[in-house]
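In what follows, a single structure is set out as structure tokens and then discussed.
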Amino acid sequence: MNPGRTDIEARLEGAEDLYPMSDIELGMVYHSLEDPSLYHSQMLIPLRDPAFDLERLRQALRLLAGKHPILRTGLNPSGFEEPIQIVYRQAEPDLAYEDLTHLALPAQEDHLRAFLVQDLAQPFVFHQPPLWRARVFRLDGENLCLVWIMHHAITDGWSTACLVAELREIHQRLAQEPGFAPEPLACTYRDFVVQELVDKRDPASLDFWRRELADCPRLVLERKPDKSLAAAPPRLHHHELPPGLLAELKPSAQRHGLDLKSLCFTAYAFLLRMLAMDEEIVCGLVTNTRPLCQDGERLAGCFLNTIPVRLALPPDRTWLAHAQRAAAKLQELKRFERVPLREIARAAGERGEQGNPFFDVIFNFVNFHVLEGVPPDERATRINVEGHAATNTWLDFTVSTTLDSFALEVIHRQDIFDPGEMARLCGYYEEILRRLAREPQSVARQEDLLPEAERRLLRVDFNATDHPHPETAQTLAELFEAQVARAPHAPAVQFG
């Protein structure tokens, strides 16, 4: 329904700029309108400040929003001739404070969990900025927890890390220089939108994707029979990889002319090969499409794209051969990764509007080195509470090497994997990385990745088919006939 003239005038009041929504914004908003819990992100950030001043933080947030127009932007998927975003001259921070020092640590954690659940029931109104809010909880005399809540459509992971680092810096500077103001950037999100309009119309790129995805197979994951799990929210599974393994992988990659991302993606692709029981897999790969301009790396916004990766992993090849094949594929796709997924789907003849056109599983590799300036004792809150993050895919697999950590963050549907299965898959993934680091010239075999108990189950227990056979036993046909006589109306064969 188109709003009346007065509604349009109201939306444009106080506007500083307007331009089309990007494809990633439009896609995330579209799915969020169907399920408001999707792309509603909650991030818990530790603050250590014995002299904390709420108004100083409010001013820091005002300055941050003044520098980054996306924090003052409203998204309008409807109501105009085309979906547009409106940047406003100002948007007052949505900030609140609560003192939890009267509660013991377990009660503080319970309180925060309850708050996060309540917050999730308050979806953003997309045309009314800001599409983010902040809540501060005091834990003790010097420790606080800042809960940063935003819609993923306005900021990606790198942007969020930059904003957090910048907020810390502004907040600290204001304590020393009350009149401090950050320098403006040389570009805006408009520059990205203009570049995207050019990239999505490139004939060579569209032709590549048309050929690349012809007769594209789809990885199908089996769902559990319990229908109630289909409506259950996605589960976050965290798996710490050994720091020593990262130290082994880096020189191994360098020796063979590869990079760490390629090795981590190879391990993921082989894991999918195990799940699909097929030589060829198709998955999504998260890429960065930031504008190629001055200050592009410092600009806040959502610059993600997820492109299809179609990769064959033939049997009887070495781990190194698989890694080289995967690295070559990623290098080939680099030239065409700026075409939005929606345009890739159109080029390939995919017209479906529901779900993802080629894949339900995605891989992401991150290293938010912008957080290296955060003091070590301020990198983790003592609160053991997870924020919310959900997408419309079935298996989001993120490998992070931020701050020299080595960790997996997996968001998965509960009707496909339970916690035990997910822990086992992460164990396989870790073992694949170990093979890539220590014996890349050995042949890649699935059975070599299994723990001893699983190998015994496959090689010994499942093959223990010997059973006593009395001399007077009937033939198989006679046994079948006897069973028919006993239960003539019972099913003969049952699957599932």
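The values are calculated or read from the model by the stated rules, or taken from the named source; none is laboratory data. For clarity, every value in this text was computed on a predicted model and none was experimentally measured. Counting neighbours? That spans all protein chains shown, and the Cβs are built from the backbone with ideal geometry, glycine included. The protein model used for the area step is the full one, side chains on, heavy atoms only, and it has no ligands, DNA or RNA in it. Shrake-Rupley method; radii C 1.70, N 1.55, O 1.52, S 1.80 Å.
Here are a few things to note about the model shown:
- A simple rule links phi to the HN-Hα coupling: the Karplus curve 6.51 cos²θ - 1.76 cosθ + 1.60 with θ = phi - 60°, which for the stretch 323-330 gives 5, 5, 5, 5, 4, 5, 5, 4 Hz, with x for Gly and Pro.
- Between residue 403 and residue 493, the FRET efficiency estimated from the beta carbon spacing at R0 = 45 angstrom works out to 0.20.
- Site pair residue 172 and residue 274 shows an inter-label distance of 4.2 nm when each label is modelled 7 Å from Cα along Cα→Cβ.
- Here the chain is assigned +1 on the Cβ of each Lys and Arg and -1 on the Cβ of each Asp and Glu. Its dipole about the Cα centre then comes out at about 720 debye.
- FRET efficiency for the pair residue 231 and residue 33, taken as 1/(1 + (r/R0)^6) with r the Cβ-Cβ distance and R0 = 22 Å, rounds to 0.75.
- Packing-based ranking, highest mean first, of 361-370, 78-87 given that Cβ atoms within 10 Å are counted: 361-370, 78-87
- Restricting attention to the chain, lysine pairs at least eight places apart or on different chains and with alpha-carbon atoms under 23 angstrom apart total 7.
- Annotation: peptides 266-273, 337-344, ranked by per-residue average of other Cβ atoms within 10 Å with the highest first, follow the order 266-273, 337-344.
- In order through the stretch 41-52: 3J(HN,Hα) via Karplus (6.51 cos²θ - 1.76 cosθ + 1.60), integer Hz, x for Gly, Pro: 9, 10, 10, 9, 10, x, 10, 10, 7, x, 9, 4
- Nonlocal amide H pairs with residue 16, under 5 Å, H built at 1.01 Å: 87, 88, 89
- Backbone N under 19 Å from the residue 53 label point (7 Å along Cα→Cβ), restricted to the stretch 176-191: 176-182
- Calculated mean residue ellipticity at 222 nm for the chain: -11500 deg cm²/dmol, from DSSP H runs with n ≥ 4 weighted as -39500 (n - 2.57), summed, divided by the residue count and rounded to 500.
- Extension gain, residue 334 back to residue 142 (0.36 nm per residue minus Cα-Cα distance, nm): 64.5 nm
- Charge-dipole axis of the chain as Lys and Arg at +1 and Asp and Glu at -1 on Cβ define it, positive-most pick from 405, 31, 490: 405
- Annotation for residue 482 and residue 180: the two label points, set 7 Å from Cα along the Cα-Cβ direction, are 8.8 nm apart.
- Applying the criteria of a DSSP loop state and at most 16 other Cβ atoms within 10 Å to the GluC sites (Glu not before Pro) of the stretch 274-308 yields 279.
- Calculated Cα extents along the principal axes in Å (choose from (i) 81, 56, 48; (ii) 97, 59, 58; (iii) 91, 53, 46), label: (ii)
- Relative contact order, whole percent, for the chain stands at 20, derived from Cα pairs under 8 Å and 6 or more residues apart.
- Rounded to 10°, Cα long-axis angle of helix 23-34 versus longest principal axis of the chain: 70
- Each residue was assigned an accessible area with a 1.4 Å probe, and for residue 190 the value is about 90 Å².
- Cα-based shape type of the stretch 243-350, given that a ≥ b ≥ c are square roots of the gyration tensor eigenvalues and the cut on a/c is 1.5: oblate
- Long-range HN-HN contacts of residue 285 with modeled amide H, under 5 Å: 307, 309, 363
- Extension gain for residue 89 to residue 221 (0.36 nm times residue separation, less C-alpha to C-alpha distance): 42.8 nm.
- Residues of the stretch 32-49 with amide N under 16 Å of the 7 Å Cα→Cβ point at residue 121: 36-37
- Taking label points 7 Å from Cα along the Cα-to-Cβ direction, residue 10 and residue 371 give a separation of 4.0 nm.
- Ranked by solvent-accessible area (1.4 Å probe, protein heavy atoms only, all chains present), the residues 319, 158 order from largest to smallest as 158, 319.
- Where 411, 307 fall by accessible area, highest first, once all protein chains stay in place (1.4 Å): 411, 307
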